[in-house]
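Asks: Here it is: the structure, laid out below.
Please treat every number below as a calculation from the coordinates, not as lab data. Here the structure is a predicted model, which is why all the values come from computation and not from measurement. Glycine gets a Cβ as well: all are built from the backbone with ideal geometry, and neighbour counts include every protein chain shown.
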Amino acid sequence: MNKIVYFGSKFYDKQQLSSYNIDYASLNKFRKLFNNGLLFSSGIGLPRLQIPEWYDTIFDLSVPQWQNKSITFEEATNNRALEMMKYYTEDIPILVYWSGGIDSTCVLSAIHKNFNTEFKKRIKVVLTNQSYAENPFFFNKIIKPNYKYITYGDETYINNYVVHGDPGDALWLQGNVLDLSKTRNVTNDNISNDPTNLYYVYKQKGLEDEECDWYINFLKHDAKLIDLELTTTSDYLWWANYSMHVTTSIKSLLHRLPTQDIKNKNFVDAFKNHCLPWFIGNDYQIWSINSQINGKKYNGNIRDYKMPAKQYIYDLDKNRYYRDYKTKCISITNNLKGDLDSPNIIIKQNCSILHN
Amino acid sequence: MNDNIEKIFHLDKSHWGACVEENETQMQYGIYETVTRTFAFTFFNPRRLTFLSNLFSSRFDLRLINLTTASNFNSTLIDNSCCENWCLNKKDISSVVSAERESNEIISASELFQRDSNYGNNELLINNRQYFNYVINLLVLFDDLIGTRFEFVTTMRSDWDTGGTSNYNKQEYNFHYQHITVPIEFKDYKNNTLEYYYYLRKAVYDVVYTEFDFEIAKAKIEKLLSTIL
């Protein structure tokens, strides 16, 4: 496994960054990518001065191991549920953050379908009024009769496992391809298959030629670390979003905690052991890459937004409204923002990529 | 039973577009469903349509459109017998999608087009037309009941109305009230008090928000309303 990131916010100054061996020019390039809307941002930053030495070790688990195999979303989800059962070795509660949105509802559906009775007894669904309003049907049919539920605010990572819907969005993103179709008279297939279109994508977002080269090389280099071959525009865009978004999603939970907890080694260990995001599994990543162009991920019809996940949920709750009409909504983890500014800036360790 | 209640309990006899309220403004609005790109319901009162869209917000993404501003609009162009066949142009769709869902912003239609069937099957939406009509009549009913039975409220009515509509959106929804099929809070209220009417109204709206099956919802609502009618 490869270490993923150093992490900063737009408030970092040059002196602070150099003390952490981070290239300021590189950071600025990333900042531009985020500020221009090129990269999907989790939106939560951790003040640089509060980052302790152990921080980068949290993300050792983030890089998927690429394999050339076929897998459906349903298989990936069921496999992930079985993996997670093995992960939950300590006999402590399992908190499931439920926003009512598609990703977290999919997680809860997978738990309901695959976990055995003993594990289900340990589940506590963490929700808010907004969660309920988002999906009252699922609450009334699945959650209320089967699980304990609590309102958000009382949980800790020390004494509980935590699971949530992140980084679900990173599985599905390929929106920039659609953006490009508005400015170039080409079909979606052409856009997706021709990696030179990346230049149009990035330049449309305000990058200079040199910055485009730098960023594309950066992505290639990073993907090689895990033997992942990026061949299409969609591959690149997926990878860019995945490698950026997955790591921030883990940190998003950290940011709700008091500074003293973040600096506490015991807490960090508990966090690392108790907070494994659901959608980082290898099967999911393989499914995501394979589904870029075949239409299983998104075929351009808004009804089909995250349809494999909605179908997975429908198989459990039989709610046609949710399957056929549910689209994007605010996730509960987005509501965890404190007063820290966004967007995040994430930068890979060892910026020598710049000089390859 | 007065005329309003008669219509609510006998919707099968009502015709599309009929309503207990009179249209004094000559304006027509529609609630536009963003996934199948068509109109779910039309009415002349935007406030009621806003409330209606909030009550169905966990099922559909419905946006309020001023139909009267469309260049090809006339009074016979669109009603609830055919609104599922109409669509906005791309510019207006873009305005709809970019508007915040919770803002309840009214988008002015510039032109109405025949809907493209490639936008997908909207059968489920059409099947809810009767439910929409029923709820519109409920909204009118409660205003009428409260306005006529509690005359002193009349001067405060706009405040109550605001509270009754804008507060009832998905953001501020209080789920603690949702699990009560028959409102046990009512036990402390005489059923001819103003407080009772507001609790009753909320209980009825809760049923609409949470019960997706129209027939079941109607039965629950009629049971609730039987305490005052």
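Asks: Which residues' amide hydrogens lie under 5 Å from the amide hydrogen of A:Lys124, considering only partners 5 or more residues apart or on another chain, with H built in the peptide plane?
Replies: Answer set, sorted by chain and number: A:Ile94, A:Leu95, A:Val96.
Asks: In terms of modelled amide H atoms, which long-range or inter-chain residues lie less than 5 Å from the amide H of B:Ala40?
Replies: For B:Ala40, whose amide H was placed from the backbone, the distant partners under 5 Å are B:Ile31, B:Tyr32, B:Glu33.
Asks: Now for a separate question. Summarise the partner chain shielding of A:320-326 as one whole number: the mean count of Cβ atoms from other chains within 10 Å of each residue's Cβ.
Replies: 6
Asks: Here is a further query. Quantify how strongly other chains surround peptide B:202-212 by giving the mean number of their Cβ atoms within 10 Å of each of its Cβ atoms.
Replies: Whole-number average of other-chain Cβ neighbours for B:202-212 is 2.
Asks: Restricting to DSSP loop positions (anything but H, G, I, E, B) with no more than 11 other Cβ atoms inside 10 Å of their own Cβ, which chymotrypsin sites (Phe, Trp or Tyr not before Pro) remain in the stretch B:36-137?
Replies: Passing both the DSSP loop test and the Cβ count: no residue.
Asks: So, one more: Sort A:Lys205, A:Lys328, A:Lys306, A:Lys148 so the one with the fewest other Cβ atoms within 10 Å of its own Cβ comes first.
Replies: A:Lys148, A:Lys328, A:Lys205, A:Lys306
Asks: Next question. Using a 10 Å cut-off around each Cβ, can you sort A:Tyr199, B:Tyr209 from fewest to most neighbouring Cβ atoms?
Replies: Listed from fewest to most nearby Cβ atoms, that is A:Tyr199, B:Tyr209.
Asks: What list do you get for A:His164, A:His221 if you sort them by fewest beta carbons within 10 Å?
Replies: Final ranking by Cβ density, sparse to dense: A:His221, A:His164.
Asks: If you don't mind, there's one more thing I want to ask. Beyond a 27 Å Cα-Cα separation, which of these cross-linked pairs lie in this structure: A:Lys86/A:Lys224; A:Lys144/B:Lys202; A:Lys205/A:Lys328; A:Lys124/A:Lys297; A:Lys272/A:Lys318?
Replies: A:Lys86/A:Lys224; A:Lys124/A:Lys297; A:Lys272/A:Lys318
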